[in-house]
Structure formats: structure tokens, C-alpha cells
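Structure, as C-alpha cells:
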Amino acid sequence: EPEVTQTPSHQVTQMGQEVILRCVPISNHLYFYWYRQILGQKVEFLVSFYNNEISEKSEIFDDQFSVERPDGSNFTLKIRSTKLEDSAMYFCASRINRPQETQYFGPGTRLLVL
Amino acid sequence: QKEVEQNSGPLSVPEGAIASLNCTYSDRGSQSFFWYRQYSGKSPELIMSIYSNGDKEDGRFTAQLNKASQYVSLLIRDSQPSDSATYLCAVTGGGNKLTFGTGTQLKVEL
């Protein structure tokens, strides 16, 4: 069964460093998402991406964040200058094009900013 | 602010019992409703989706939706220890982002 994959599974970085989180969505899916979950808190929407552009973003997704689909398979989230409060689990999700279709989540990247 | 509310629990039920999980949402424009299961340290895994009023059954799981009351529930019959997890209610509205509740922790006791 097709799955969303994410790399790395864990990343430790120093405050102020840039990180890139990578995702490979399910191959026939057209909508891509990033969510994050701070430890002990709820899953929060960051950004959605469709047709090579951002379709919606949250207040969390400020100028320090960017997303890109550099090729036909990868979907990346870049954090330019990490802060301590960026420490969280980051989930990529994808869905097929019909509005009611489920979003399928990848296993997540646990980011720790020191 | 569009909110999804859940009782954080923990909800403890004995093995074999029915677990009832509840969720309310504030946005009347919400169109699609989902229950995800999340084990500690893992990603959300879809259990059920429901789009119209009424009940939807899938194996041991039944989702119930009442749009007039802005209420979604999940029933788990014959609860098993492996059902012990946090259950996340999520909704989408006119946009396609998921808005999650904080989740209800379910403990199924032997």
C-alpha cells in the first residue's frame, strides 16, 4: 500500500541553523501539507500546496518557513533560522484531488533545536 | 477562531466494552470529519471519515455526525488493549486544511 515517507526521522540542530525536512507524498496525490505537533499539544496546520504553489498557510508559517516541490516526487519544508520553539514533530500529508478525500500522514520528523 | 473540542481524558474502559469518544466543532461550514488514531510518538492514522449526518460503520468502529448540533462521535465496540491510543477528531471547511482537536486518550484495561 502506498505511503507518505519522510526523512530524516530525527534531526538535532543548533538555534539559528537552517533545516530542510523532506517528504515523498503518495505518487498520484496532488495536494500536499505540512503540519507540526509540539510535544503534548495538538496537531497544527502549517501550509498546503497544490499545483506548485501555496494554497493556504497558517499564522505559524512566517517568512522563516518555505516549501518547495523541487522535482516530481519530493516536497520539502525549509526553516531558515531555527528557534527553540520550532522543536516539534513535523508531519507531511498528502491527498488525492477530490475535496473530501482523506489526508494521509507520513511518519514525521522529530526536530530538536538546541 | 475555528475550534475543535475534545475531552482530553484519559477515558478508561475494560476490555470488550464500548468506548465512546466525542467531539464538537465551532465552524458550521465544516464539511468533512475525520477520526485519526495516534500512538505515542507516531503519526496520525485514519480510522474513519464521515461527511453526512447519521452513522457510518466500519468493523468495530462507528462514526456519528450531527451537523445541527455540531457534534461528531466515535464508538469502538469490543475494545481491545491495542486500541489504547489518543484519538484525534479533525474537520475541514471550505479550505482543505485539517483542524484538529487536542485528542482523547483512551486506555483499554485488561
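Given the conditions (1) of a type in the set (Gly, Ala, Ser); (2) open to solvent by less than 10 Å² (accessible area, probe 1.4 Å); (3) at pLDDT below 95, which single one is not true for B:SER79?
Against the list (1) of a type in the set (Gly, Ala, Ser); (2) open to solvent by less than 10 Å² (accessible area, probe 1.4 Å); (3) at pLDDT below 95, B:SER79 comes up short only on (3).
When the residues of segment A:24-41 are filtered to those that are in a loop (DSSP other than H, G, I, E, B) and under 15 Å from A:MET89 (Cα atoms), which remaining residue is farthest from the chain's Cα centre (by Cα)?
Within segment A:24-41, the subset in a loop (DSSP other than H, G, I, E, B) is A:25-30, A:38-41.
Checking which are under 15 Å from A:MET89 (Cα atoms) leaves us with A:38-41.
Numbers: A:ILE38: 13, A:LEU39: 16, A:GLY40: 19, A:GLN41: 17 Å.
My answer is A:GLY40.
Which number in (1) open to solvent by 10 Å² or more (accessible area, probe 1.4 Å); (2) away from chain A (no Cβ under 14 Å); (3) at pLDDT 95 or above marks the one condition that B:LEU74 misses?
B:LEU74 satisfies all of (1) open to solvent by 10 Å² or more (accessible area, probe 1.4 Å); (2) away from chain A (no Cβ under 14 Å); (3) at pLDDT 95 or above except (1).
Would you say A:GLU1 is within 15 Å of the chain's Cα centre (by Cα), open to solvent by 30 Å² or more (accessible area, probe 1.4 Å) and of a type outside the set (Ser, Thr, Tyr)?
no
Among the candidates A:GLN17, A:GLN6, A:GLN41, A:GLN37, which residue alone is among the polar types (S, T, N, Q) and over 24 Å from B:GLY103 (Cβ atoms)?
Of the residues listed, the single one that is among the polar types (S, T, N, Q) and over 24 Å from B:GLY103 (Cβ atoms) is A:GLN17.
Test A:GLU68 against the criterion of being within 11 Å of chain B (Cβ to nearest Cβ) and farther than 30 Å from B:PRO10 by Cα, and give yes or no.
Against the criterion (within 11 Å of chain B (Cβ to nearest Cβ) and farther than 30 Å from B:PRO10 by Cα), A:GLU68 does not qualify.
Are there any strands (runs of 3 or more DSSP E) wholly within segment B:1-70 with 1 or more residues that are under 25 Å from A:ALA93 (Cβ atoms) and under 10 Å from the mean Cα position of the chain (by Cα), and if so which?
Once the strands (runs of 3 or more DSSP E) in segment B:1-70 are filtered for at least 1 residues that are under 25 Å from A:ALA93 (Cβ atoms) and under 10 Å from the mean Cα position of the chain (by Cα), what remains is B:19-25, B:32-38, B:45-50, B:61-66.
Of everything in segment B:9-59, what is open to solvent by 40 Å² or more (accessible area, probe 1.4 Å), polar (S, T, N, Q) and touching a residue at least 24 places away in the same chain (Cβ under 8 Å)? Give them in sequence order.
B:SER12, B:SER20, B:ASN22, B:THR24, B:SER26, B:GLN31, B:SER40, listed by residue number.
The values are calculated or read from the model by the stated rules, or taken from the named source; none is laboratory data. Quick caveat: nothing in here was measured; it's all calculated off a predicted structure. Because the Cβ atoms are built from the backbone with ideal geometry, glycine has one as well, and the counts that use them run over all protein chains shown. Side chains are part of the model used for accessible areas, which takes the heavy atoms of the whole protein and leaves out ligands, DNA and RNA. Shrake-Rupley method; radii C 1.70, N 1.55, O 1.52, S 1.80 Å.
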